[in-house]
Amino acid sequence: MKKLSDCRVLLVDDAKANLDILVEGLKADHKLSLALNGEMALQIAIRTPPDLVLLDIVMPGLDGYEVCRRLRQMPETAEVPIMFLSSLEEVQNKTLGFEAGANDYLTKPFEMLEVKARVRSLLKAKAYSDAVKEQMASELRVAREIQMGMLPHDFAAVEHDYGLSFGAVLEPAREVGGDLYGVCSAGPKRLVVFMGDVSGKGIPASMFMVRAISLAQLLSREVAEPERILSRLNDELAADNPSGMFVTFLCATFDSGSRRLSFANAGHCRPVLLPFGEPARWAVKDLGTALGFEPGLEFERTELSLHDGDALILYSDGVSEAFNGHEECYGNERLLVDAGALSGQSAAAMTSGLLGKVRAFVAGAPPSDDIAILSLKMNGEARG
């Protein structure tokens, strides 16, 4: 936890005499920054973010209320405690101060001992809050590493054995998320590919994601048909689901001998099929029902044959439902056009290319959801 002597206090007052009193009383205990007006205070706060602001109200130019509001809008000082030191002692003045975002209010003339006590109290609270946030951030970083470690990143072995190439990316909207994908070798000629999207975001979604992906990997080795994998997975998730969470899930099995790809969909986004030399189209028609609501659900199967150069792009709704700063949605039509423009490229290039198109569309707007993309391409005869 940060030492109080290392904490920086920004003193803002247009009267130099008041600043001299505060400096004399606080210089032995804390680092200090000084500002004689509101504009100067904002510039200093950006350049050297303080741990606490002592702020006068009646000043030329920007008054203390406006400075407080702007400090709350700046990411560098949004959570920095602010205490007003003002000669305005009416209740309405104090009310305006707290409404502007202040944490404390002390009227002039003040006793320096009381100022020092309140400063220490506010700094201790901030230091404790910062320490808790850092601990949580550290734990989230570990959780992210564990979560990402459950996803395949090196596809060399399955690419060699099954005659397919892969490219994948997952970008959680927060530190951890609920999107998932998997590529599982389930036999000499059978490969299972899946993608899912858990309802919600953050820690709850990530925990449900871990459960779903673990069950899917186990079932992929026991069950041959994708529709039966989804039925079994749904029964397991629905049997003990007190939180009421659910997951959309797309499961596909590939037979390298016949080059047949079989799909079953549980409410997930329709994958894009890129037949070599032909326009892009949706690989499946029906969305189906998401997993986890109730046991006993059945799912339909769709089959297609892959030829050399054919490709498939699986994705989560963080792609199709991405929004830019004008609240415009990326949408399915744009997705199909952009994916079609990537036809003929490698699986890795298709994945990075589609991600790049989504990023260009949102143009820096905050992500609205997790993004997952998994591309596969038929290269030739399996060598396993």
Notebook entry, point to check: From the Cα gyration tensor of the range 1-77, with a ≥ b ≥ c the square roots of its eigenvalues, which class applies: rounded if a/c is under 1.5, or else prolate if a/b is larger than b/c, or else oblate?
Noted result: oblate
Item checked: Mean-position separation - Cα centroids, the range 222-241 and the range 302-372, in angstrom -> 28 Å
Checklist line | GluC sites (Glu not before Pro) restricted to DSSP loop in the range 49-89 with at most 14 other C-beta within 10 Å | finding: Glu76, Glu79, Glu89
Checklist line | At R0 = 56 Å, FRET efficiency that the Cβ-Cβ distance of Lys116 and Asn332 yields, to 0.05 | finding: 0.35
Margin query: Assuming 0.36 nm per residue, please report the length gained on full extension of the stretch Glu139 to Lys3 beyond their Cα-Cα distance.
Written below: 46.7 nm
Checklist line | Dipole moment magnitude, nearest 20 debye, the range 227-312 about Cα centre, only Lys, Arg, Asp, Glu C-beta charged | finding: 200 debye
Next item on the list: Keeping all protein chains in position, work out how much accessible area Ile46 exposes to a 1.4 Å probe, and write it in Å² to the nearest 10.
Entry: 90 Å²
Next item on the list: In debye, nearest 20, what is the charge dipole magnitude of the range 201-352 about its Cα centre with +1 on Lys and Arg Cβ and -1 on Asp and Glu Cβ, if you could check?
Entry: 260 debye
Margin query: A 32 angstrom limit on the alpha carbon distance is what I want to check against. Which of Lys16/Lys94; Lys108/Lys133; Lys189/Lys357; Lys285/Lys377; Lys2/Lys94 exceed it?
Written below: Lys108/Lys133; Lys189/Lys357
Margin query: Just to verify a number: FRET efficiency for Arg232 and Arg281, C-beta to C-beta distance, R0 = 22 Å, to 0.05?
Written below: 0.15
Next item on the list: Any chance you could give the angle, 0 to 90 degrees and rounded to 10, that helix 226-239 forms with the longest Cα principal axis of the chain?
Entry: 40 degrees
Checklist line | Nearby aspartates and glutamates by direct alpha-carbon distance to Lys124 (threshold 17 angstrom, same-chain neighbours under 8 apart not counted) | finding: Asp6, Asp29, Asp51, Glu79, Asp104, Glu114, Glu134
Notebook entry, point to check: Which whole-number value in Å² is the accessible area per residue of the range 11-72, probe 1.4 Å?
Noted result: 44 Å²
Notebook entry, point to check: Points 7 angstrom from Cα along the Cβ direction at Glu24 and Ile46: gap in nanometres?
Noted result: 3.5 nm
Note to self: Taking Rg/Rh (Cα atoms, Kirkwood Rh) straight from the coordinates, which label in (1) 0.97; (2) 1.06; (3) 1.17 is the correct one?
What the structure shows: (3)
Margin query: Leaving out ligands and nucleic acids, and using a 1.4 Å probe, what accessible area per residue does the range 250-384 come to in Å²?
Written below: 45 Å²
Margin query: On a 1.4 Å probe surface of the protein chains, which of Lys16, Lys31, Lys285 comes out largest in accessible area, and what is the full order?
Written below: Lys285, Lys16, Lys31
Check: Which residues does a label at Glu79 reach in the range 29-58, if reach means a backbone N under 17 Å from a point 7 Å past the Cα toward the Cβ?
Finding: 49-53
Next item on the list: Please report, as a whole percent, how much of the solvent-accessible surface of the chain comes from carbon and sulfur atoms (probe radius 1.4 Å).
Entry: 53 percent
Next item on the list: Compute the acute angle (0 to 90°) between the alpha-carbon long axis of helix 91-100 and the principal axis of greatest extent of the alpha-carbon atoms of the chain; round to the nearest 10°.
Entry: 30 degrees
Checklist line | For the range 99-193, accessible area per residue (1.4 Å probe, heavy atoms of protein chains only), Å² | finding: 50 Å²
Notebook entry, point to check: Residue by residue through the range 240-255, which ³J(HN,Hα) values in whole Hz follow from phi under the Karplus form 6.51 cos²θ - 1.76 cosθ + 1.60 (θ = phi - 60°), with glycine and proline marked x?
Noted result: 9, 9, x, 7, x, 6, 9, 9, 7, 8, 10, 10, 9, 10, 10, 9
Item checked: Estimated FRET transfer efficiency (Asp308, Arg69; beta-carbon r; R0 45 Å; 0.05) -> 0.10
Checklist line | Rounded if a/c under 1.5, otherwise prolate or oblate - the range 121-222, Cα gyration tensor axes | finding: prolate
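The values are calculated or read from the model by the stated rules, or taken from the named source; none is laboratory data. As the structure is a computational prediction, the values presented were derived from the model and not from experiment. Quick reminder, even Gly has a Cβ in these numbers, built from the backbone with ideal geometry, and neighbours come from all protein chains shown. Quick note on the areas: whole protein, heavy atoms, side chains included, nothing else; ligands and nucleic acids left out. Shrake-Rupley method; radii C 1.70, N 1.55, O 1.52, S 1.80 Å.
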